[in-house]
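Enquirer: The following block contains the structure, expressed as C-alpha cells.
The values are calculated or read from the model by the stated rules, or taken from the named source; none is laboratory data. Please read these numbers as outputs of a predicted model, since none were measured by experiment. Positions of Cβ are generated from backbone atoms using ideal geometry, with glycine treated the same way; all protein chains shown enter the neighbour counts.
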Amino acid sequence: MLEELTERSEKALSQLDTLVREELNYYEEALSKTMKNFNNLSKEDVQALKEFKEAMTVLLSSANTQAKEKLLKLIDALNRNAIYMHARRNTYWIEDATRSVRVYAQWRKSWIFQLAIYAAVNTVFPDILKLPDALALLQVGWRASDETLTHGYRGE
C-alpha cells in the first residue's frame, strides 16, 4: 500500500499544476461564453461574474499551494519511512512524523486515497437568468449536491 501511495503521490504532484491551470482555463472560458451569450447583462452582473471568477482563482490557487505542500511532505515522509499508520475497521490513515499531513486509505478492489485540502472563499454566482421569484418555491426542500451529507458532514 505504501509503495502505491508513494507512486500516486508523486504522480499527483507532477500533474497538479496542469490540472489547476486547466480548471482555471475552464472557468475563464465558461464565464467568457456566459458573458458573450447573455449580451444583455448589466454592468453589475458582468462585474459580479468577474468577481466570481476571481474568487475561484483565489480558491484554486490556495488549494494548489496547500496540496503541493502536503504532497511534498508526504512524499518526503514516505521516502524516509517516517510515517505513522493507524487502522480502524476498513479505513487506514497514514500520517507523517510531524502529523501535519494525514492521508485516508480504503480498500475497494483497489486502494482509494484521500488527502484533505481546506480552502474557502465567499462568493455568489450572480442571478443572470432573472427568473420569476415563483420558481424559487419549486426549490423548497431541495438540497444542492455540494450541501449533501457525506460521512455525517455537510459539503465534504
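Enquirer: The conditions are (1) surrounded by 16 or more Cβ atoms within 10 Å (Cβ to Cβ); (2) at pLDDT below 90, and N90 fails exactly one of them. Which is it?
Expert: Evaluating N90 over (1) surrounded by 16 or more Cβ atoms within 10 Å (Cβ to Cβ); (2) at pLDDT below 90 leaves (1) as the failure.
Enquirer: Same structure, new question: Residues that are within 19 Å of the chain's Cα centre (by Cα) and more than 28 Å from E28 (Cα to Cα): list the strands (runs of 3 or more DSSP E) wholly contained in segment 58-132 that include at least 2 such residues. I'd like the intermediate steps shown before the answer.
Expert: Numbers: elements: 83-88, 91-96, 102-107, 111-115.
Fully inside segment 58-132 and qualifying: 102-107, 111-115.
Enquirer: Within segment 7-57, restricting attention to residues that are not in a helix (DSSP H, G or I) and not small (G, A, S), which residue is farthest from A77 (Cα to Cα)? Please lay out each step first, then the result.
Expert: The first filter runs over segment 7-57 and keeps only residues not in a helix (DSSP H, G or I), leaving 38-42.
If we keep only those that are not small (G, A, S) as well, we get 38-41.
On the way: F38: 51, N39: 53, N40: 55, L41: 52 Å.
Filtering first and then ranking leaves N40.
Enquirer: I would also like to ask the following. If you go through segment 43-76 one residue at a time, how many are polar (S, T, N, Q) and touching a helix residue (DSSP H, G or I) at 6+ places or on another chain (Cβ under 9 Å)? Don't jump to the end; show me each part of the working.
Expert: Let us first name the residues in segment 43-76 that are polar (S, T, N, Q), namely 47, 57, 61-62, 64-66.
After this cut, where a residue has to be touching a helix residue (DSSP H, G or I) at 6+ places or on another chain (Cβ under 9 Å) as well, the list is 57, 61, 64.
Final tally of qualifying residues: 3.
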